[in-house]
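S.K.: Mind looking over this structure? Questions follow.
Every read-out reported here was derived from the displayed coordinates using simple, explicitly stated rules and does not represent laboratory data. Owing to the predicted nature of the structure, the values given are computational and were not obtained by experimental measurement. Methodologically, a virtual Cβ is constructed for each residue, glycine included, from the backbone with ideal geometry; neighbour enumeration extends over all protein chains shown.
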Amino acid sequence: MKIWYPVKFRGILQSGSRKLTKFKKSRVLQELKLLQKLKVLPGLRDLAEGQIIFLLILIMVIVFSGTASFLPFRLLQGPVGKDSGSVRAEDFQAEEIFNPAELEIFSWWTAPGEREGLEYLINSFQEEYPEIEVVNAAVEGGAGVNAKDVLKIRLLRNIPPDTFQVHAGAELKDTFIAGDYLNPLTELWQEQGWQEVFPEKLTEMVRKKGEYYSLPVTAHRSNRLWYNKEMLADYGLQPPRTPDELLSTVKALAEKDEIPLALGSRNLWPITHLFETLLAALAEPEQFEALVRGKRSWGSPEVERTLEIMQELLTHVNEDHASLSWHEACELILQREAALTVMGTWARGYFAARNASLDEDYGSVVLAGENQVFLLVVDTFAMPAATENQSFTRKWLEFISRREIQGKFTEILGAAPPRSDIKSEELISGTREDHLDLLNQQNLLPSIAHGAAAREVFVNALNQELNVFLYENDISGTLEELKLLAEIYLIP
């Protein structure tokens with residue numbers, strides 16, 4: 001296991017192991033005191049109000065994630081080195097952080113499809129700006145589960161990357177804008193005329209109090225179902241498009257001794273992803289939005305029905321789901337080891353990276369119910385307030401906003417391009433339909449699982465509770481816990 005930590009933390013890590021064990025038992029105030037004692041954080045009196053809010057969100061993430069014993073220090077694991085798309089401790093020396101000739105780009109795009117998309121952006125940028133050395137600081141872990149923790153520690157220590165990937169919506173606003181960690185990009189938006197080329201729904205997700213804070217680069221649809229075409233055809237089955245159809249198809253496949261549903265729950269969030277996909281299809285759009293705003297009870301009939309369907313579906317998933325990532329679950333579809341999986345359009349990028357062809361090796365339909373909802377996940381890039389290389393960051397943002405760059409980049413990732421001036425008919429099948437639905441802006445719902453709809457502390461608590469449900473199958477108990485979490489964290 002590789003261990004990453006900023007240079008200043010080495011002595012702490014070597015000498016403070018006994019103190020670090022307190023993380024496992026402490027709660028919020030104890031966490032704060034310990035971090036101050038270890039000199040990881042400045043005194044609270046030195047922090048602005050927004051920074052304290054940011055810090056409390058981080059601590060609650062630690063508490064609910066169950067990783068508090070190592071989170072500030074075991075921040076990165078997996079392949080190391082610049083060529084591998086990860087960062088080593090020796091790549092992160094303090095004297096190198098503000099190298100004026102470098103542009104450090106921070107993201108979590110390391111899975112097949114994502115990795116190729118990021119490489120396209122970086123290589124294309126380097127061709128136009130060869131004088132700028134780009135540092136790919138991508139951190140491994142689906143949906144940014146590891147990257148976000150690394151980023152928060154760096155921002156708290158005032159050693160940010162030059163630009164970083166962040167989900168539009170609540171994740172951007174309630175964590176990074178609220179903590180005063182970003183430079184507004186309003187002037188750049190106005191110079192480039194971006195407000196004219198991005199749908200209003202997307203601009204709302206990156207704007208707060210009249211200021212723009214990040215640039216959209218993808219528009220993923222998270223509520224898609226992917227399936228092995230040959231397997232369904234062999235049994236005379238049609239791809240399901242509603243939760244009830246999904247349940248019927250899963251039962252039919254189980255009777256044939258097949259693994260009906262592929263799941264990779266190693267990083268917890270895929271359970272929440274499945275849950276919200278079902279919920280968005282079962283609820284009216286107004287009900288879904290009321291739920292995430294804390295204006296509707298999480299004990300409502302649509303939530304209960306979602307848990308009932310999930311309870312049955314989860315009895316028909318692959319037994320090794322807890323050891324698999326989202327893309328490893330997608331691989332089961334290609335290998336005909338499972339028939340179906342529910343995942344966002346980044347799965348399209350994965351299949352393309354595996355040289356699989358739509359309508360030959362796999363198929364895809366929207367799992368949306370009668371209202372044809374679009375669960376929206378928007379990747380953006382932001383500029384940290386403390387970055388030394390703002391001119392390089394501006395060049396990067398201007399470059400990745402270009403029509404031709406976004407068109408090619410989103411094709412690699414499998415997303416719909418967020419720009420409205422890209423012609424939908426020029427896009428590949430599947431992406432074409434998603435782009436048209438995006439531009440229509442009807443029933444666009446922000447994703448809970450991917451940070452668009454709700455505060456991060458609620459999302460992490462929801463991840464934990466639904467993963468308990470995965471093993472305990474207690475519908476009534478889960479409903480009570482969800483109601484409590486919503487009352488605490490979803491303040492109307």
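S.K.: Which cross-chain or sequence-distant (5 or more) residues have an amide H under 5 Å from the amide H of Leu261, H modelled 1.01 Å from N in plane?
M.R.: Answer set, sorted by chain and number: Asn318, Ala339, Leu340.
S.K.: Now a separate question. So how far, in whole Å, is the C-alpha centre of region 410-479 from the one of region 328-391?
M.R.: 10
S.K.: Shifting gears a bit: What net charge do the residues around Ser124 carry, taking every other residue with its C-beta under 11 Å from that of Ser124, with Lys and Arg at +1 and Asp and Glu at -1?
M.R.: Working: positive: Arg402, Lys408; negative: Glu119, Glu127, Glu128, Glu404.
Once all neighbours under 11 Å are counted, the net charge is -2.
S.K.: A follow-up question, please. Which of the aspartates and glutamates could a cross-linker bridge to Lys408, judged by Cα under 18 Å and excluding same-chain residues fewer than eight apart?
M.R.: Once the sequence-local aspartates and glutamates are set aside, what remains near Lys408 is Glu114, Glu116, Glu119, Glu127, Glu128, Asp379, Glu398, Asp421, Glu425, Glu426, Glu433, Asp434.
S.K.: What is the set of long-range amide H partners of Tyr212 at a cut-off below 5 Å, with H atoms built 1.01 Å from backbone N?
M.R.: HN-HN under 5 Å from Tyr212: Leu185, Thr186.
S.K.: Further, regarding this structure: Over the Cα atoms of region 136-202, Rg to Rh with Kirkwood Rh, two decimal places?
M.R.: Numbers: Rg = 13.6 Å, Rh = 13.6 Å.
Rg/Rh: 1.00.
S.K.: Do any of Lys208/Lys395; Lys229/Lys256; Lys173/Lys209; Lys229/Lys423; Lys173/Lys423 go past 20 Å between their Cα atoms, and which? Working shown, then result.
M.R.: Values: Lys208/Lys395 23 Å; Lys229/Lys256 16 Å; Lys173/Lys209 10 Å; Lys229/Lys423 29 Å; Lys173/Lys423 30 Å.
Exceeds cut-off: Lys208/Lys395; Lys229/Lys423; Lys173/Lys423.
S.K.: Still on this structure: In whole Hz and in residue order, list the ³J(HN,Hα) couplings for region 367-382 that follow from phi through the Karplus curve 6.51 cos²θ - 1.76 cosθ + 1.60, θ = phi - 60°; x for Gly and Pro.
M.R.: Once rounded to whole Hz, the list reads 9, 10, x, 5, 8, 6, 6, 10, 7, 9, 10, 10, 7, 9, 10, 10.
S.K.: Each residue of region 145-160 in order: what ³J(HN,Hα) in whole Hz does its phi give by Karplus 6.51 cos²θ - 1.76 cosθ + 1.60, θ = phi - 60°, with x for Gly and Pro?
M.R.: Couplings: 4, 8, 4, 5, 5, 4, 4, 4, 4, 5, 5, 5, 8, 6, 10, x Hz.
S.K.: Which ³J(HN,Hα) values, rounded to whole Hz and listed in residue order, are derived for region 182-188 from phi using the Karplus coefficients 6.51, -1.76 and 1.60 in 6.51 cos²θ - 1.76 cosθ + 1.60 with θ = phi - 60°, glycine and proline given as x?
M.R.: For region 182-188, the Karplus-derived couplings read 10, 7, x, 10, 4, 4, 5 Hz, x marking Gly and Pro.
S.K.: Another question, if that's okay. Name the long-range amide H neighbours of Phe164: under 5 Å, sequence gap of 5 or more, or other chain; modelled H, no Pro or chain starts.
M.R.: The answer is Phe106, Ala382.
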